[in-house]
Ligand SMILES: [Zn+2]
């Protein structure tokens, strides 16, 4: 019977350590730096033509600028 209690305690300790490690890893690492964890908070970029914010993965990029659509990509940055 003593062995069973020991196993249960070890499992509980392992779960507690695992949960602690996961929580520490999430809070210390800023989102989007490792590539894999970027799905929860995608990096937003603003369209160089109309200024709308959209995820970088959905934006068209050209010359270091980002555009929300193919039309704005063709029109290029808005001239003030
Ligand atoms: Zn746009």
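Every number here is computed from the coordinates shown, using simple stated rules; none is lab data. Keep in mind it's a predicted model, so treat the numbers as computed, not measured. Here the Cβ positions follow ideal geometry from the backbone for every residue, glycine too, while neighbour counts run over all protein chains shown.
Most tightly packed first, judged by the mean number of other beta-carbon atoms within 10 Å of their residues, the peptides 16-22, 52-58 read 52-58, 16-22.
Ordering of 45-51, 3-9 by packing is 45-51, 3-9, highest average first (other Cβ atoms within 10 Å, averaged per residue).
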